[in-house]
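As structure tokens, the structure follows; a few thoughts come after it.
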Amino acid sequence: MRTPTPASLCPELARVLSTELRRGNVLARQPERTDWPARGSVFASLRHDFRSDVRHVPTPLRHGLCNDPHYGWYEELYCEEHGHLLVAGSPRLGKT
Ligand SMILES: [Zn+2]
């Protein structure tokens, strides 16, 4: 990743983020423009697992598991409209 620039998550992910913070989750990385995974992407990460029901999110959000220590998080929410990404938790090997 290149040097990040502070930025704001798109409205769909910002809504999820504010719910998470209200439920006591903590930002491990503030939203930053990373241009990854897409051009214009803003990336943010939460220290703990998602505390809201992110497996049933409306489009354009897409939920995924990324249980891969190379990346360093467990679950992710990707906005297909804006290319923004909000991730949460830590990889748990041997678990899905
Ligand atoms: Zn969006």
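One residue stands out in region 1-53 among those that are of a type in the set (Gly, Ala, Ser), part of a loop (DSSP other than H, G, I, E, B) and more than 16 Å from residue 87 (Cβ to Cβ): the one that is farthest from the ligand (Cβ to nearest atom), namely 24. Once region 67-96 is narrowed to residues that are among the charged types (D, E, K, R) and within 8 Å of the chain's Cα centre (by Cα), the residue that is farthest from residue 8 (Cα to Cα) is 75. Can you find even one residue in region 54-65 that is of a type outside the set (A, V, I, L, M, F, W, C) and more than 16 Å from the ligand (Cβ to nearest atom)? Taking every residue of region 54-65 in turn, at least one turns out to be of a type outside the set (A, V, I, L, M, F, W, C) and more than 16 Å from the ligand (Cβ to nearest atom).
Restricting attention to region 66-92, and to residues there that are in a loop (DSSP other than H, G, I, E, B) and of a type in the set (D, E, K, R), which single residue is farthest from the ligand (Cβ to nearest atom)?
My answer is 92.
Among the residues of region 53-84 satisfying the criterion of being hydrophobic (A, V, I, L, M, F, W, C) and touching a helix residue (DSSP H, G or I) at 6+ places or on another chain (Cβ under 8 Å), which is surrounded by the fewest Cβ atoms within 10 Å (Cβ to Cβ)? Among those residues, the one meeting the criterion is 57.
If a residue must be small (Gly, Ala, Ser) and buried (at least 17 other Cβ atoms within 10 Å of the Cβ), how many such residues does region 15-51 contain? First the steps, then the outcome.
Pass one, region 15-51, residues small (Gly, Ala, Ser): 18, 24, 28, 38, 40-41, 44-45.
Imposing the further condition that a residue be buried (at least 17 other Cβ atoms within 10 Å of the Cβ) reduces the set to 41, 44-45.
Of the residues in region 15-51, 3 are small (Gly, Ala, Ser) and buried (at least 17 other Cβ atoms within 10 Å of the Cβ).
Only the coordinates and a few stated rules stand behind these numbers; no lab work does. Just so it is clear, the structure is predicted and the values come from calculations on it, not from any experiment. FYI the Cβ positions are ideal-geometry reconstructions off the backbone, even for glycines, and counts take in every protein chain you see.
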